[in-house]
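Written below as structure tokens is the structure these notes are about.
Where a number appears in this text, it was derived from the coordinates with a stated rule and is not lab data. Here the structure is a predicted model, which is why all the values come from computation and not from measurement. No Cβ is skipped: glycine too gets one built from the backbone with ideal geometry, and neighbour counts run over all protein chains shown.
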Amino acid sequence: MIGAVARVGLGVLLLASGALKLRDRSWPAAAAAMGAPRWSVPFVAPVEIVLGAGLAAGVGDPWPAWLALGLLAVFSAALAAVLRRPPAQRPACACFGRWSAQPVGPGALVRNGVLVLVAVMALF
């Protein structure tokens, strides 16, 4: 039961994150400022949407949860790299489009840690 709730919750969150990025025309610039490779930027939102849909619908279990865990690990590594910059040089996260457009702080990494735990719970 807990795994199913975690799976659906994480799926909805990834769906929302991807959709908000697609709606935000400034998101590609925010991703570049975070250090995302240029080639990867067009794929981030669609990947989040597909993973989110797979998780929410329970399609292909457990692979969407494993892939979400990997994606969250990559996002966390990017956040950790940004956190090594001086606070004045940290870009806006925009992890959820303009809705979350504030400079990256330790809270973003903590949030991702919680999401990693949710992804792990979705595996069980």
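Among residues other than Leu123 with Cβ under 13 Å from its Cβ, the summed charge is 0 (Lys and Arg +1, Asp and Glu -1). With a simple spin-label model that places each label point 7 Å from the Cα along the Cα-to-Cβ direction, the separation between Phe124 and Ala80 comes to 2.3 nm.
Selection among Ala65, Ala81, Leu15 by position relative to the dipole of the stretch 2-122 gives Ala81 as farthest towards the positive end (Cβ unit charges, Cα centre). Positive contributions from Lys and Arg (+1) and negative ones from Asp and Glu (-1), summed over other residues with Cβ under 15 Å from the Cβ of Ala80, come out at +4. Equivalent-ellipsoid semi-axes (√(5λ), Cα gyration tensor) for the chain, whole Å, largest first? One finds semi-axes of 25, 16, 11 Å for the chain. Along the chain, the longest continuous region that contains none of the trypsin sites (Lys or Arg not before Pro) in a DSSP loop with at most 14 other C-beta atoms within 10 Å is 26-83.
Helical content alone sets the calculated 222 nm signal of the chain at -23000 deg cm²/dmol, taking -39,500 (n - 2.57) per DSSP H segment of four or more residues and averaging over every residue. Of the chymotrypsin sites (Phe, Trp or Tyr not before Pro) found in the stretch 40-118, those in coil by DSSP whose Cβ has at most 15 other Cβ atoms within 10 Å are Trp99. A cut-off under 10 angstrom between Cβ atoms defines the neighbours of Ala68, and their net charge, with Lys, Arg +1 and Asp, Glu -1, is 0.
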